[in-house]
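Worksheet: one structure, shown below.
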Amino acid sequence: MIRISIIGVGNMAGALADRALAGGNAVEIIGRDPVKAQELAAALDGATVGTAGSAPAGDIVVLAVPYASAKAVVGEYGAALQGKVILDITNPVTPDFTGFVTPEGSSGAQEIANAAPAGAHVVKAFNTLFSNVLAAGSVEGRPLDVFIAGDDARAKARVAVFVESLGLRPMDTGQLSMARALENVALMQLGLMAHSVKHNNFALGVSILD
């Protein structure tokens, strides 16, 4: 069992929490609006509710908030995140979905890592999955691929074990600098949704040829 704290109460938070609980993990929901946090926890079977600003109980802390507020959230918790794995699932895209709000050559995950306290390890994952697809867990009977990037091997290994507990397949893409590529994949998916597929009921994955 892995202890997970999810900061956020939106669709991704709910989908991730539901799969985490089904996988036998302990889940804490944290939201600035305690009523919404309580409502989300009540809709799930077994989740607890944490207090915004207090030290998260989880060993893995999921940032399930808009990127625009992610760095502020990390700064608010500060030293309480030391020793934690910070799981960044955000996408720092512009409102018109044509580019990024991050500095050139950087990524949302790297900017969050710069704001994190020493001893915390940022891992990028889940940003290429729509919440409805994550809730489903598979495409045509195949487990979803979850792409992972991070600089700390042990932190990535912990996230990989968590991903497997959800019934999904972890795919390590390399160092945290690869988060920029993963965020570009998410931007491409938004383009596909707008111009080709016309809905978000799809996922990108890896097919390995023998």
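None of the figures in this text is laboratory data; all of them are computed from the coordinates on show. Please read all numbers here as calculations on a predicted model, not as lab measurements. We place every Cβ from the backbone using ideal geometry, glycine too, and count neighbours over all the protein chains shown.
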Of all beta bridges DSSP finds with both residues in segment 3-195, what is the antiparallel percent, to the nearest 5?
20
Overall form of segment 3-195 per C-alpha gyration tensor (a/c, 1.5; a/b vs b/c)
rounded
Mind scanning Lys36/Lys124; Lys71/Lys124; Lys124/Lys156 and naming the pairs with a C-alpha gap bigger than 18 Å?
Lys36/Lys124
Cut-off 9 Å between beta-carbons: net charge of the residues surrounding Phe147, Lys and Arg +1, Asp and Glu -1
-1
Within the chain, which is the longest segment that contains none of the GluC sites (Glu not before Pro) sitting in a DSSP loop with at most 13 other Cβ atoms within 10 Å?
1-103
Using Cα pairs under 8 angstrom and six or more residues apart, how large is the relative contact order of the chain, in percent?
18
If you add up the charges near Leu87, with Lys and Arg at +1 and Asp and Glu at -1, over every other residue whose beta carbon is less than 11 angstrom from its beta carbon, what do you get?
+2
Arranged by the count of other C-beta atoms within 10 angstrom, fewest first, what order do Leu190, Leu166 take?
Leu190, Leu166
According to the square roots a ≥ b ≥ c of the eigenvalues of the Cα gyration tensor, what is the shape class of segment 11-107, taking rounded for a/c under 1.5, prolate for a/b larger than b/c otherwise, and oblate for the remainder?
prolate
Excluding Arg158 itself, calculate the net charge of residues whose Cβ lies under 10 Å from the Cβ of Arg158, where each Lys or Arg counts +1 and each Asp or Glu counts -1.
0
Taking other Cβ within 10 Å of each residue's Cβ, how do Leu182, Leu44 sort, fewest first?
Leu44, Leu182
So, in nm, how far is label Lys36 from label Thr48 when the simple model puts each one 7 Å beyond its Cα toward the Cβ?
2.3
State, as an integer percentage, the relative contact order of segment 126-191 based on alpha-carbon contacts under 8 Å between residues 6 or more apart.
39
Would you mind ranking His199, His121 so that the residue whose beta carbon has the fewest other beta carbons within 10 Å leads the list?
His199, His121
